[in-house]
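**Student:** For reference, the structure I am asking about is given below.
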Amino acid sequence: MAEQITVARPYAEAVFALARERNALPVWAEMLRLASDVAGDARVRAALDNPRLSAAAKESLFLSICGEKLDADGKSIGLLPEIRQLFDALKDATDGVARAQITSAFPIDDRALDGLKAALERRFGKKIETTVSVDPQLIGGARIAVGDTVIDGSVQGELHALANHLRA
C-alpha cells in the first residue's frame, strides 16, 4: 500500500492544485469520491484488471458508468482510491479539518459526542469531523483515531497494556 500511496501522491497533489486553481475543491472532491467508488467496485475492478480489454475499452467502460459526472481533466483510473485519499487529506488540511474515528463500547448520545468533539477540536486546533462506531469488545470506554494519533481509553486497551506490563 505504501508504494501505491507514493505513486498516487503526485497525482493527488496535481489534482488538488488544479482544483484549487479553478476554485473547485468541492466539485473535485465529489468527482474523486464517485470515481473512487466506481473503481473500487469488484466487478469494475475485474474488468479493469482484464488484460484482454484495451486501455480504450477500459476507459470507455469506466466513463459509461460515471456518465457526465466526471470532468474531462480527471481520468487516472487505476490510482483513484489513493488519489482520493490524498486529495481529501490536502483539502482537509487547507480547510483546517481533521477526521476522528471514534469507536465506543456503547452508543454515544449527541450531547456526549458534542463534548468529545469540542475537546478534540481544542486538542488538535482544527475543526473535527467524526465517524462513530460501536464495538462491544472494547468492554467500556472508547478508542479515538485522529490521523496518526490514537487515544485508547477503552477497558480492552487498558487490559492489553496491563498484560504487556506484567509480561515485561
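The values are calculated or read from the model by the stated rules, or taken from the named source; none is laboratory data. Every value quoted in this text rests on a predicted model; they were computed, and no experiment measured them. FYI the Cβ positions are ideal-geometry reconstructions off the backbone, even for glycines, and counts take in every protein chain you see. Note: accessible area is taken over every heavy atom of the protein model, side chains too, but ligands, DNA and RNA are not part of it. Shrake-Rupley method; radii C 1.70, N 1.55, O 1.52, S 1.80 Å.
**Student:** Just the residues that are open to solvent by 50 Å² or more (accessible area, probe 1.4 Å) and within 21 Å of the chain's Cα centre (by Cα), please, taken from the range 93-115.
**Tutor:** Result: 93, 94, 95, 99, 101.
**Student:** Shifting gears a bit: List the residue pairs whose Cβ atoms are under 7 Å apart, where the first residue sits in the range 3-19 and is farther than 12 Å from residue 84 by Cβ, the second is open to solvent by 60 Å² or more (accessible area, probe 1.4 Å), and the two are 6 or more positions apart or on different chains.
**Tutor:** Qualifying pairs under 7 Å: 18/73.
**Student:** Name the residue that is nearest to residue 31 (Cα to Cα), counting only residues in the range 51-65 that are assigned to a helix (DSSP H, G or I) and open to solvent by 50 Å² or more (accessible area, probe 1.4 Å).
**Tutor:** At the first step, the residues of the range 51-65 found to be assigned to a helix (DSSP H, G or I) are 55-65.
Now narrow it down to the ones that are open to solvent by 50 Å² or more (accessible area, probe 1.4 Å): 55-56, 59-61, 64-65.
On the way: 55: 21, 56: 20, 59: 16, 60: 17, 61: 17, 64: 14, 65: 13 Å.
Of everything passing the filter in the range 51-65, 65 is nearest to residue 31 (Cα to Cα).
**Student:** What number of residues in the range 128-149 are out of contact with any strand residue (DSSP E or B) (no Cβ under 7 Å at 6 or more places or on another chain) and either of a type in the set (A, V, I, L, M, F, W, C) or in a loop (DSSP other than H, G, I, E, B) (or both)? First the steps, then the outcome.
**Tutor:** Pass one, the range 128-149, residues out of contact with any strand residue (DSSP E or B) (no Cβ under 7 Å at 6 or more places or on another chain): 136-137, 139-141, 148-149.
Narrowing the set further to residues that are either of a type in the set (A, V, I, L, M, F, W, C) or in a loop (DSSP other than H, G, I, E, B) (or both) leaves 139-141, 148.
Residues meeting the conditions: 4.
**Student:** Let me ask something additional. Of all residues in the range 1-50, which are basic (Lys, Arg), within 17 Å of residue 95 (Cβ to Cβ), assigned to a helix (DSSP H, G or I) and over 16 Å from the mean Cα position of the chain (by Cα)? Even if it seems obvious, please write down each step before you answer.
**Tutor:** Of the range 1-50, the ones basic (Lys, Arg) are 9, 20, 22, 33, 43, 45.
Add one more test, that the residue is within 17 Å of residue 95 (Cβ to Cβ), and what stays is 20, 22, 33.
Then keep just the ones that are assigned to a helix (DSSP H, G or I); that gives 20, 33.
20 - this is the single residue of the range 1-50 that is basic (Lys, Arg), within 17 Å of residue 95 (Cβ to Cβ), assigned to a helix (DSSP H, G or I) and over 16 Å from the mean Cα position of the chain (by Cα).
**Student:** Another question, then. Could you figure out which of (1) touching a residue at least 24 places away in the same chain (Cβ under 8 Å); (2) open to solvent by 60 Å² or more (accessible area, probe 1.4 Å); (3) under 29 Å from residue 6 (Cβ atoms) isn't true of residue 136?
**Tutor:** For residue 136, the exception is condition (3).
**Student:** Okay, moving on. Starting from the range 153-168, keep only residues that are closer than 20 Å to residue 142 by Cβ and hydrophobic (A, V, I, L, M, F, W, C), then list their pairs with residues that are open to solvent by 60 Å² or more (accessible area, probe 1.4 Å) and not in a helix (DSSP H, G or I) whose Cβ atoms are within a distance under 6 Å, requiring at least 6 positions of separation or different chains.
**Tutor:** Within 6 Å, the pairs are 155/139.
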